[in-house]
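The values are calculated or read from the model by the stated rules, or taken from the named source; none is laboratory data. Since the structure is predicted, the reported quantities are computational estimates derived from the model, not experimental observations. All Cβ positions, glycine included, derive from the backbone under ideal geometry; neighbour counts span all protein chains shown. Calculation scope for accessible area: heavy atoms of the full protein, side chains included, ligands and nucleic acids excluded. Shrake-Rupley method; radii C 1.70, N 1.55, O 1.52, S 1.80 Å.
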Amino acid sequence: MTNLLRVLARHLIQGVLTLLGITVLSFLLGHIAPGDPAYAILGSDGVTVPTEEQVQVVRESLGLDRSVVEQYFLWLGQLFRGNIGVSFMTNRLIEQELLARIPVTVQLSLLAITFLVLTSLPLGLFLALHKDSLLDHLFLGLTSLFSAVPGFLVALVLILIFAEGLRLLPTSGLNGPTSLILPALAISLGSMTQITRVLRAELLAAFGTEYFQSARAKGFPFRFAAVKHALPNAMSSVLTLWGNYFIAILGGSAVAESIFALPGLGQWVLKSINSHDYPAIQAYVLVMGVLCLMIFLVVDLLQLAIQPRLRRAS
Amino acid sequence: MTTPLVAMHDVNIRFNTTRGWGYAVTAVSADVRANTVTAIIGESGSGKSVLGAAVMGLLPNNAEASGSITYAGLELLGLTDREWDQIRGIELGWVAQNPASSLNPVYRIDELISEAAIHRRRIRRRDKRRFAADLLTKVGLPAATGRNYSFELSGGMAQRALIAVGIGLDPPLLILDEPTKGLDPANYDRIRDAIMDLAGEGHTIMLITHDVTLAEQVADEIWVLYGSRLVEQAPKQDFFATPLHPYSQGLLAAMPSRGLHPIPGESPSFFVPPEGCPFVDRCPYAVAACHELKTPSHPTEGRSVLCLLH
Amino acid sequence: MSRDSALRIAAGMLIAVAAMSLLAPVIAPASPIAVDMSLRNAPPSSAHWLGTDTLGRDVASRVIYGGRGALAISFGATLISMVIGIALGSLAGWFGKFTDTAIQVFMSIFQGLPGLTISIAIVGVMGASNLSISVAMVATGWSGISRVVRSQIRNLRNEQFVEAAKVYLPAPGYLIVRHLLPLTMPTLVVLATQRMGRMILMIASLSFIGVGLQPPTPDWGVMIQDGRQYFAQQPWALLGPAVMLFIASFSVARLGELLRDRWDTFSDDAMAVR
């Protein structure tokens, strides 16, 4: 138990450090952005031609006259109070925008990773059990092809087949859960082949181990031994991959949201870029960083659950 | 005279490798009598472990076996996967080499010991710990070891745990592959005692080992494998009193108690198909006809030796 | 198909794409940006092999030119990422302790965010330009390389031959460059090809969603976006750039895969996908 706590504490410290790093990155993004935020804020208040004095007052209130390091800590302090900022574009609080849009992106990404897990797991197991079958060779051939197809092309092909050809699924906008199916497929299909290949390879390696032979020596059928003895050992690297691809999926959600016109974070940040709404971009990076850290934490916890060696090692 | 439990007749096993065919077992014919300990001795690469794996039906995919191995009259070579699954564990027990890597690191020892009984004998899950504790006690480990994982055990403990795993379904025949490899003297003695206890309970044991001293201590019957061939087979007393094959003589002379005299020369290549006696290149008595020697002779009842001298 | 011939095919495809991009002004039958409103949405003909787009621009010429930006940026950004990744990875791996921790934390910031998110943010803030896209690609590329280099250097650091070389000249720079990095070369080459393949796709994705190379620049990602609306009438305007994009990223990535198999270096799948 103490081991478990120690491992968790280490992850927590790493997580906090990474989070701080991401706030620095996000702050610097705002800092290198062109234009003076004071003008932007005055502009959004309806002051189109501000006087020097007006600008000076706003600059001081924003802390823009201080050093970069001071500005960072001021900004960080604001963040801790839950004050991410005001969107230049809509004049709405960014928190409100985020709260409206995070669920869309999170749902989309969760659906995509669920799809990824539910396909790669059985498929990898099936291919490992039927090594060198026709399907196996076909799949391995397809893997390298798929890795060179970007998500947006997959999306276009899916739209062509399922939405315009078969007229089965909606292609744009958010109207009920079916709207998320095609975008989720688009951002997970390419990684599906990669993960399946890794799971297959890990399983084949596990089939060659001595503990697997020992399981067979107990009279367990191959399939049973494969699921009970090989699979848990093959899972650890696949779990890491799932985590990494989950993060790639979060990034890819911006592309899917743009193609399928989903009102998520990605679509919002792309709009914000068009209107030079820099606080929105900063907020986007922060939210993504937090989401990714949560994914890392879940992956680490799952690793502890499936790998007694990590849990028990002192 | 007891009946043979395992009978081998002209067993040949070769491997299809990227470097061509490799010959692991050549023309082995011998019997394992029930309720005895048969020590199969030889150096690494002699084919002894492969022979054990063949009896378990656990040869790798690139292996090709011919001849006949019967267990209680049942022909083993050519069994289907399903038929193998019926007899493995229940009739044939296996204790693999390298206990550290033969115990799955994701399960506790008690699960590994009892899982065969749970899935195949339908003992109840809640009896798992008691079941494992009984077997652990039998091999001289504290019952609490069951709650550990393999990587938490020392080499000697892991070896004994692996034996507990192998006897989980109480199989009549046990194949132990190098059970004393790399152990310190104290653990060595415990394993030896455990083997003798198992033999005393009436298990038939095939003990695969490179350790001639262990064979002398526990075995009833000695098989000597060299260069994929069975060069000598004899009751223990006869073997240690008068080893007949020149290789056997060399093996005994190399024992620490007998002066540690090494055998000059090198072992034959795995990739050269053995014709005749495999020891011919290192044998002080070799003659041309040794290259042609196909069949062993039987100088006395219950003994066979692959040598023209006898 | 033997591995060698597969390797030759992948290399050949890559050379062909590179040559096409380099020689675009010579090969292309027309200007990629010349608008001809009298010849809009024309079907393929001898004058316009892939027809024209909605502004009457020659699609074939745009396809030929369309890889230049992405290939040049991804190539340059890969080189810079390698330099940064190798430098920081070597420092972290060799010195350990505080240097290692500091670099690790710095790395984790970039590893903790999706590559596309970092790219969108950087290009979004700096404005779309070749420079900003290059910066974005380097920002997403270096950390994965650095991570691999770090672990390789750590593994090699205590080898006997390093101890021997230390006697000769105990300068870390000399030891790393002269004795350790050459051993990691196969891994580095494979990493570089995989990284470049991903960058090509990422640049196309950025262009496609409108934050990368901007119209009227002939770019495959931009062209695919443009071709979407008129796909039913003129599929070639979308299929041309899509096929080229596929060939370019496939040949680079496949080359890396084949080299990895040949040299039997470890798979970096687990670490470099972000």
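Cβ-Cβ contacts under 8 Å between residues 6 or more apart (or on different chains), taken from a first residue in region A:285-314 that is assigned by TED's automatic domain parsing to the domain that holds A:Gln14 and in contact (Cβ under 8 Å) with a residue 12 or more places away in the chain to a second residue that is assigned to a helix (DSSP H, G or I) and among the charged types (D, E, K, R), are listed as A:Leu304/A:Arg311; A:Arg312/B:Glu152.
Scanning region A:264-281 for residues that are small (Gly, Ala, Ser), farther than 30 Å from A:Leu121 by Cβ and more than 8 Å from chain C (Cβ to nearest Cβ) yields A:Ser275, A:Ala280. Of note, C:Ala42 does not satisfy the criterion of being in a loop (DSSP other than H, G, I, E, B) and touching a residue at least 24 places away in the same chain (Cβ under 8 Å). Residues in region B:40-96 that are facing chain A (nearest Cβ under 10 Å), in a loop (DSSP other than H, G, I, E, B) and among the β-branched types (Val, Ile, Thr): B:Ile90 only. Restricting A:Tyr245, A:Tyr284 to residues that are within 8 Å of chain C (Cβ to nearest Cβ) and open to solvent by 10 Å² or more (accessible area, probe 1.4 Å) narrows the list to A:Tyr245. Of all residues in region A:292-314, those satisfying the criterion of being open to solvent by less than 30 Å² (accessible area, probe 1.4 Å) and either of a type in the set (Gly, Ala, Ser) or more than 9 Å from every other protein chain (Cβ to nearest Cβ) (or both) are A:Ile295, A:Val299, A:Gln303, A:Leu304.
If you go through region B:266-287 and keep only what is part of a helix (DSSP H, G or I) and surrounded by fewer than 18 Cβ atoms within 10 Å (Cβ to Cβ), you end up with just B:Asp281. The residues listed here are B:Leu183, B:Leu198, B:Leu214, B:Leu207; of these, the one that is more than 20 Å from B:Arg282 (Cβ to Cβ) and in a loop (DSSP other than H, G, I, E, B) is B:Leu183. Take the conditions (1) of a type in the set (S, T, N, Q); (2) open to solvent by less than 20 Å² (accessible area, probe 1.4 Å); (3) more than 21 Å from C:Leu201 (Cα to Cα); A:Thr143 misses just one of them, which is (3).
Taken over region B:105-130, the criterion of being away from every other protein chain (no Cβ under 14 Å), modelled with pLDDT of 90 or more and either open to solvent by 50 Å² or more (accessible area, probe 1.4 Å) or in contact with a Lys or Arg (Cβ under 7 Å, 6 or more places away or on another chain) (or both) is satisfied by B:Arg129, B:Arg130.
Of the residues B:Leu176, B:Leu141, B:Leu136, which is outside any helix (DSSP H, G or I) and more than 14 Å from every other protein chain (Cβ to nearest Cβ)?
On the way: B:Leu176 fails: more than 14 Å from every other protein chain (Cβ to nearest Cβ); B:Leu136 fails: outside any helix (DSSP H, G or I).
The unique qualifying residue is B:Leu141.
This table checks each residue for (1) within 17 Å of B:Leu176 (Cβ to Cβ); (2) in contact with a strand residue (DSSP E or B) (Cβ under 7 Å, 6 or more places away or on another chain); (3) touching a residue at least 24 places away in the same chain (Cβ under 8 Å).
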{"position": "B:Asp10", "(1), (2), (3)": "no, yes, yes"}
{"position": "B:Glu64", "(1), (2), (3)": "no, yes, yes"}
{"position": "B:Thr70", "(1), (2), (3)": "no, yes, yes"}
{"position": "B:Leu76", "(1), (2), (3)": "no, yes, no"}
{"position": "B:Thr80", "(1), (2), (3)": "no, no, no"}
{"position": "B:Trp84", "(1), (2), (3)": "no, no, yes"}
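Within region A:141-151, can you find the residues that are within 11 Å of chain C (Cβ to nearest Cβ) and among the hydrophobic types (A, V, I, L, M, F, W, C)? Listed by number, the residues that qualify are A:Leu145, A:Phe146, A:Ala148, A:Val149. Comparison of B:Ser150, B:Ser154 shows that the only residue that is more than 16 Å from B:Arg108 (Cβ to Cβ) and among the hydroxyl-bearing types (Ser, Thr, Tyr) is B:Ser154. Condition first: open to solvent by 50 Å² or more (accessible area, probe 1.4 Å) and not polar (S, T, N, Q). Now tell me which residues in region B:1-33 satisfy that. Within region B:1-33, B:Met1, B:Pro4, B:His9, B:Asp10, B:Arg14, B:Arg19, B:Trp21, B:Tyr23, B:Asp31, B:Arg33 meet the criteria. State whether one or more residues within region A:230-237 are assigned to a helix (DSSP H, G or I), of a type in the set (S, T, N, Q) and within 30 Å of A:Ala283 (Cα to Cα). No: zero hits. Across region A:152-171, the number of residues qualifying as within 12 Å of chain C (Cβ to nearest Cβ) and either open to solvent by less than 10 Å² (accessible area, probe 1.4 Å) or more than 23 Å from A:Leu127 (Cβ to Cβ) (or both) comes to 10. Within region C:49-87, the set of residues being surrounded by fewer than 23 Cβ atoms within 10 Å (Cβ to Cβ), under 14 Å from C:Ile27 (Cα atoms) and aliphatic (A, V, I, L, M) comprises just one member, C:Ala60.
Considering only residues that are within 13 Å of chain A (Cβ to nearest Cβ) and open to solvent by 10 Å² or more (accessible area, probe 1.4 Å), which ones fall in region C:212-222? Across region C:212-222, the qualifying residue is only C:Gln214. Remark: pairs (first residue in region A:250-263, at the interface with chain C (Cβ under 7 Å from one of its Cβ atoms); second residue of a type in the set (S, T, N, Q) and open to solvent by 10 Å² or more (accessible area, probe 1.4 Å); Cβ separation under 6 Å; 6+ apart in sequence or on different chains) = A:Val255/C:Ser205; A:Ser258/A:Gln267.
All of (1) within 20 Å of the chain's Cα centre (by Cα); (2) among the basic types (Lys, Arg); (3) within 14 Å of another protein chain (Cβ to nearest Cβ) hold for B:Arg147 with one exception: (1). Report whether or not B:Glu232 is modelled with pLDDT of 90 or more, open to solvent by less than 20 Å² (accessible area, probe 1.4 Å) and not basic (Lys, Arg). In short, yes.
Quick grid of which residues meet (1) within 19 Å of B:Ala116 (Cβ to Cβ); (2) in contact (Cβ under 8 Å) with a residue 24 or more places away in the chain:
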| residue | (1), (2) |
| --- | --- |
| A:Thr193 | no, yes |
| A:Arg200 | no, yes |
| A:Thr209 | yes, yes |
| A:Phe212 | yes, no |
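Among C:Ala165, C:Ala248, C:Ala242, C:Ala171, which is open to solvent by less than 30 Å² (accessible area, probe 1.4 Å), over 24 Å from the mean Cα position of the chain (by Cα) and of a type in the set (Gly, Ala, Ser)? Selected residue: C:Ala165, the only one of C:Ala165, C:Ala248, C:Ala242, C:Ala171 that is open to solvent by less than 30 Å² (accessible area, probe 1.4 Å), over 24 Å from the mean Cα position of the chain (by Cα) and of a type in the set (Gly, Ala, Ser).
Of note, C:Ser90 does not satisfy the criterion of being open to solvent by 30 Å² or more (accessible area, probe 1.4 Å), small (Gly, Ala, Ser) and modelled with pLDDT of 90 or more.
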